[in-house]
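Inspection log for the structure reproduced underneath, given as structure tokens.
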Amino acid sequence: MLRTHSCGELTKKNEGKKVTLVGWVKTLRVQGKVSFLLLRDRDGITQCFLNDELTKKTSDITPESVVLVEGKVKVRPDKQIRKDIKTGEIEIETSKIEIISKAEVPLPIEVEEETTTHIDKRVDNRFLDLRRDKVNAIFRVRSKIAQHTVEFFSKEGFVNINSPKLTESGVESGAEEFKLPYFKKTASLAQSPQVYKQMFVISGLERVYEIGTVFRAEKSHTTRHLTEFTGIDMEMGFIENEHDVMDVVENYFKYLLTEVSKSCKEELELLKVKLNVPKKIPRLDISEIRKILKEKKKNIPEDDDLDAEAEKLLSEYVKEKYKCDFVFALNYPWKKRPFYHMRPENNPKGTRSFDLIYNGVEIGTGAQREHRLEILEKQAKEKGIDLKKMKFYRDIFRFGAPPHGGVGLGLDRITEQLLNLDNIREAILLPRDPERLTP
Ligand code: ATP
Ligand code: MG
């Protein structure tokens, strides 16, 4: 490797050691004949002192250039310890500096921690935007969320699957599909792994999960919708009802928030986020929610979904009453749910379904699925779908299908809500929406 140490690694204990660091030039401050260079890499920042001779040689170094610094670790006097950087108790007495790659000026966006540059312009220059520690931190947290998700579901005996993304046609409404030529046919990009997760539960894996790309041709311009996002989907067999699924989802979020609090301490501090691990996530029936919202002057008709404002109001209520950032909303109207959601015996207008709302935004939808073919066919018909045309889906229920259910969550939305970001575009490296296909 080019370096002996990272920029966040050196302490008093390394005093007198000869080291080589490489990274980006954060700033170069000339003070009379000498200068101070702040060198940054993924681990932190180190101050490098340049004597008059080196200062002369480096007068043309530009911010964000990549440089290599050789020198000795020197402990700074107590009074001069820099509290603003991790390695503030030392600096490098530079003996050699080499420019590896010079950055052009001016930079297309500012790389300051606090910036007012619009998210669109930042995404246009995402490779530079990520040089900012706070932005970088978001993606370190996202990566840990994905890691802890894998840990949790493997621990619970779920098998990780990869289902096709090139599909003949989605089971759900055709309106949201991206179509593309596929030899002599037209293919659709998968808008959910729904049918496949069900297939592999029924096939005997019993518990499956997938972290994979989901495509939806939604024309919406909101702070919570993308046309390409990462779904966290799971499905499980032999459940008694939808509450068994919610139990797993609840344990997942308890585990996730506990583990992220531990593994992302520095990042959460930097982003000023304090996680509130749920003890018990309240489960409220939609009829009860309608009453709660009515008191808040928000009317949701009986056959309707909760809209964005309703989710926000409900979250505020739950936060106050139950001190919880999460809430399950249960029993969504049959009119608004897909044909494969199971209906309760005593209430054909409802479904054995739930949404999970986190800090005011839906992050997941789940349900017990209908596994009895006769009823499934009837339900499909009611929604104007001919199951005979979906032969491969129909067939999976013909040869022994256990009662089952699952949930679809979004990694981007979870990251957005967990970190209190104001736009889902902050939580994905390169967002895709109706206007954006590059970079
Ligand atoms: P919404 O009502 O917010 O549009 P949805 O109910 O259409 O979402 P589902 O089909 O229930 O979405 O998808 C399951 C999960 O996938 C959602 O709860 C969300 O976390 C995520 N998700 C869905 N659509 C998007 C999208 N366009 N962009 C980002 N994440 C999404
Ligand atoms: Mg949903």
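The values are calculated or read from the model by the stated rules, or taken from the named source; none is laboratory data. The model shown is predicted, which means the values in this text are computed figures rather than measured ones. With ideal geometry, Cβ positions are generated from the backbone for all residues, glycine too; neighbour counts draw on all protein chains shown. In case anyone asks, the SASA skips ligands and DNA or RNA and just uses the protein heavy atoms, side chains included. Shrake-Rupley method; radii C 1.70, N 1.55, O 1.52, S 1.80 Å.
With protein chains left intact and a 1.4 Å probe, residues in the stretch 366-439 average 47 Å² of accessible area per residue.
Taken about its Cα centre, the stretch 313-367 carries a charge dipole of about 260 debye when Lys and Arg each add +1 at the Cβ and Asp and Glu each add -1 at the Cβ. At the residue level, Thr27 shows approximately 60 square angstrom of accessible surface with a 1.4 angstrom probe and all protein chains present. Roughly how many Å is it from the Cα centre of the stretch 362-439 to that of the stretch 214-237, as a whole number? Using only Cα atoms, the two centres lie 8 Å from each other. Here's the picture: a label point sits 7 Å out from the Cα of Lys335 along the beta-carbon direction, and within the stretch 274-304 the residues with their amide nitrogen under 14 Å of it are 300-304. Computed from the Cβ-Cβ distance with R0 of 41 Å, the FRET efficiency linking Leu180 to Glu316 stands at 0.45. Residue ranges 228-235, 270-277 sort as 228-235, 270-277 when ordered by packing (mean number of other C-beta atoms within 10 Å per residue, highest first). Going by accessible surface with a 1.4 Å probe and the largest first, Lys17, Lys389 read Lys389, Lys17. Spacing of the modelled spin labels on Asn162 and Arg394, each 7 Å from Cα toward Cβ, amounts to 3.2 nm.
What full-extension length gain, to one decimal in nm, is calculated for Lys72 and Glu104 as 0.36 nm per residue of separation minus the Cα-Cα distance? Please list the in-between numbers first.
Numbers: separation 32, 0.36 × 32 = 11.52 nm, distance 2.95 nm.
Length gained, Lys72 through Glu104: 8.6 nm.
For Lys96, the aspartates and glutamates whose Cα comes closer than 13 Å to its Cα, not counting residues fewer than 8 places off in the same chain, are Asp52, Glu53, Glu70.
Once R0 is set to 35 Å, what does the formula 1/(1 + (r/R0)^6) return for the Cβ-Cβ distance between Phe238 and Glu151, expressed as a FRET efficiency to the nearest 0.05?
0.90
Which value in deg cm²/dmol, rounded to the nearest 500, describes the helix-derived mean residue ellipticity at 222 nm for the chain, given -39,500 (n - 2.57) per DSSP H run of n ≥ 4 and division by the residue count? If you can, show how the numbers build up before the last one.
Working: 12 runs with 122 residues, N = 439.
Helices in the chain give a 222 nm mean residue ellipticity of -8000 deg cm²/dmol.
Dipole orientation for the stretch 149-240: of the candidates Val150, Ala187, Gly237, Ala187 has the Cα lying most toward the positive pole (charges on Cβ; Lys, Arg +1; Asp, Glu -1).
Filter the cross-link list Lys134/Lys272; Lys291/Lys378; Lys56/Lys102; Lys121/Lys144 down to pairs whose alpha-carbon distance in this structure exceeds 20 Å. Can you show the working numbers first?
Numbers: Lys134/Lys272 10 Å; Lys291/Lys378 32 Å; Lys56/Lys102 17 Å; Lys121/Lys144 27 Å.
Check vs 20 Å cut-off fails for Lys291/Lys378; Lys121/Lys144.
Report note on the peptides 325-337, 48-60: ranked by the mean count of other C-beta atoms within 10 Å, highest first, their order is 325-337, 48-60.
The long axis of helix 308-322 is offset from the longest Cα principal axis of the chain by roughly 80 degrees. In a DSSP loop and with at most 10 other Cβ atoms within 10 Å, the GluC sites (Glu not before Pro) in the stretch 267-374 are Glu302, Glu345. Measure nothing fancy, just the Cα-based angle from helix 133-155's long axis to the longest principal axis of the chain, in degrees from 0 to 90, nearest 10. In the chain, helix 133-155 runs at an angle near 40 degrees to the longest axis. Working from label points 7 Å from Cα in the Cα-to-Cβ sense, the Thr27 to Asn347 distance is 6.0 nm. For the stretch 288-439, a/c is not less than 1.5, where a ≥ b ≥ c are the root eigenvalues of the C-alpha gyration tensor, and a/b does not top b/c. That puts it in the oblate class.
Within the shell of other residues whose beta carbon sits under 10 angstrom from the beta carbon of Lys349, the net charge comes to 0, with Lys and Arg scored +1 and Asp and Glu -1. Only protein atoms count toward the accessible area here, which uses a 1.4 Å probe; on the chain, the carbon and sulfur part of that area reaches 51 percent.
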